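Step one of this worksheet: look at the structure below.
The values are calculated or read from the model by the stated rules, or taken from the named source; none is laboratory data. Worth saying up front: this structure is predicted, and the values here are computed from it rather than measured. Counting neighbours? That spans all protein chains shown, and the Cβs are built from the backbone with ideal geometry, glycine included.
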Amino acid sequence: MVEILIVIPVYNHAPTLREVVEGALKAHGRVLVVDDGSTDGGADVLRGLPVPVIRHARNRGKGAAILTAADEAGAQGVTHMVTLDADGQHDPAEIERFLRLISAHPRALLVGKRDLDGAGAPATRRFGRAFSNFWFRVQTGRRVGDSQSGFRAYPVELLMHLPLRERGFAFEIEVLVRAAWAGVEVRDVDVTEDDLGYGEWAVDDGSGEVRVDDMGDYSYSPSIGDAFSSIVGVCWYSYDNWKLQPRDDDDLTD
């Protein structure tokens, strides 16, 4: 039986987190937030919402937050996790697209493919994604539409058994490469993306005016160099480890 948990990792996104979580609750009633050591009050903004929060005592990285959620999901008997970012760039209403496909393709890793052209993304961002996609194909022989997207659906068993080593943003490309090496199907899911400022978020300062501030680390948009270094770093790992095997949890303990 398929059991699905919506997971929202957050690091310093108090201004947008509550709206994202409320939208996720409308799409699916089971939501978990992992606060990865926020220093801005983080998940405190969720008071009154029926959402459990797991807190890291320090910032350990987005990959670590996702793996913490996977551990909790596994303990609850959850079979799949849908992840989306806390900065508002992903539309929680589109969670429904993943829910439908999970039932049809329960063993697949589903990746949101953003329409960066329609969202008005700068050319450097589009090139960075194309570059990362290219290296994914070089290493796996497969195509993926958006290797940098954090809007995904993971089989929990996959996260529990792949030998994953990255704990920061490189986690998201590493898990794709290792899943492909292990013979797991990777499927695209068309999604939209908020075009607000790329790397910025809107804040109402109480005066009725909305200003744009720098986003926290979880809204980090990988550059071309970052895309190259993360996927090439994964490629240094030996093909000898491609088979599914229990992962090492040493890096997940405080």
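Observations on the model:
- Close pairs from the range 94-110: first under 14 Å from T79 (Cα atoms), partner of a type in the set (D, E) and in a loop (DSSP other than H, G, I, E, B), Cβ under 8 Å, at least 6 apart: H105/E185; R107/E185; A108/E185; L109/E185
- Residue in the range 119-133 that is aliphatic (A, V, I, L, M) and under 30 Å from E22 (Cα atoms) present: yes
- There is at least one residue in the range 156-171 that is farther than 15 Å from G63 by Cα, touching a residue at least 60 places away in the same chain (Cβ under 8 Å) and more than 15 Å from the chain's Cα centre (by Cα).
- Residue check, A121 assigned to a loop (DSSP other than H, G, I, E, B), surrounded by 13 or more Cβ atoms within 10 Å (Cβ to Cβ) and modelled with pLDDT of 95 or more: no
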